[in-house]
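Where a number appears in this text, it was derived from the coordinates with a stated rule and is not lab data. For clarity, every value in this text was computed on a predicted model and none was experimentally measured. Quick reminder, even Gly has a Cβ in these numbers, built from the backbone with ideal geometry, and neighbours come from all protein chains shown.
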Amino acid sequence: MRAGEPVKKLDCYLTIVLLALILVSLAALYLLQGRPAGENLTVEIYKNGRLYRSMLLAENSAGEIKISDSEGHYNLVELKEGKVRIKEADCPNQVCVSTGWLSKPGQISVCAPNKLKVIVIGPSEWTDRVDTITY
């Protein structure tokens, strides 16, 4: 089709079909990124490279955990509705706080100045699978 030519019926049909395929593909990607049904997630909190605490991340779990060190530095970890985040920290750059909520296996939030790491762990069949292959 050249500029200035009238649009034909077939062009309209092809455009509609192409847009429908794009929408279906995007919807499928969005739906497939959720958790598998009945999944049990665990949150592991590491301080100074050692496991500080491990707990189930359930939909009904809620609470806050304040983790301090001997120098007075702290992080406040929040659990809520099957998600976890570093809510507050006294580190200078606040990258750990801006990471936001974690809810899927493999997601991680790190506070390097305070030597804190929060990881969401899923079932081994979920975390061991290959997510991308490149050649």
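Counting only other residues whose beta carbon sits under 10 Å from that of Leu102, what net charge do I get with K and R as +1, D and E as -1? Provide the component values of the computation, followed by the final result.
Values: positive: Lys83, Arg85, Lys104; negative: none.
Net local charge, Leu102 excluded: +3.
By the beta-carbon count within 10 Å of each Cβ, the least crowded to most crowded order of Arg85, Arg53, fewest first, is Arg53, Arg85. Setting aside same-chain residues fewer than 8 positions from Lys66, which lysines have a Cα under 28 Å from its Cα? Leaving aside lysines fewer than 8 places away in the same chain, those within reach of Lys66 are Lys47, Lys80, Lys83, Lys87, Lys104, Lys115, Lys117.
Which order results if Thr42, Thr15 are arranged by neighbouring Cβ count within 10 Å, fewest first?
Numbers: Thr42 14, Thr15 11.
The fewest-first ordering by Cβ neighbours comes to Thr15, Thr42.
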